[in-house]
Every structure is written in C-alpha cells, then in structure tokens.
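J.: Could you have a look at this structure, given as structure tokens, before my questions?
The values are calculated or read from the model by the stated rules, or taken from the named source; none is laboratory data. Here the structure is a predicted model, which means the values were calculated and not measured. Using ideal geometry, Cβ is built from the backbone for each residue, glycine included, and neighbour counts are taken over all protein chains shown.
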Amino acid sequence: MIPETLTIPETMAALHGSRAFVYKLIGDGTLKSYRIHGKRLVNRDSLAKLFR
C-alpha cells in the first residue's frame, strides 16, 4: 500500500513522468498537493483517480 502522500519524485516515478508534468497536473487541479515544512506532498487519492 502506498502512503497517504507522496513526494514529487515518488509521484514522478509512479506516473513515469517528468517533474514538469507532475507540476502541470498540480497546476491544473488534477493532482491535489500540500506544502508542509517546505516540502510539496501529493495526495494519494488524487493520484489513484488518474488510474481509474
């Protein structure tokens, strides 16, 4: 099971995509992310919705 949140590099690996692609998905609202202590974390459920 994957954790509730993923870092940008973990999200890149899961999507087999670039950093720019991940930030594009965050920017257009496809992926929900949070900034905690300067670290951007992507919500696992929003990532899972891409695969449904």
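J.: How many of the residues in the stretch 17-43 are among the basic types (K, R), closer than 17 Å to E4 by Cα and surrounded by 13 or more Cβ atoms within 10 Å (Cβ to Cβ)?
T.: Residues that pass the stated criteria total 2.
J.: I've got another one for you. Scan (1) more than 9 Å from the chain's Cα centre (by Cα); (2) at pLDDT 95 or above for the single condition K49 breaks and write down its number.
T.: With respect to (1) more than 9 Å from the chain's Cα centre (by Cα); (2) at pLDDT 95 or above, K49 is out only on (2).
J.: Can you confirm whether the stretch 1-18 contains a residue that is among the β-branched types (V, I, T) and in contact with a Ser or Thr (Cβ under 6 Å, 6 or more places away or on another chain)?
T.: no
J.: Evaluate the following for L6: is it within 18 Å of R52 (Cβ to Cβ) and free of Cβ contacts under 8 Å to residues at least 40 places away in the same chain?
T.: Criteria not met by L6.
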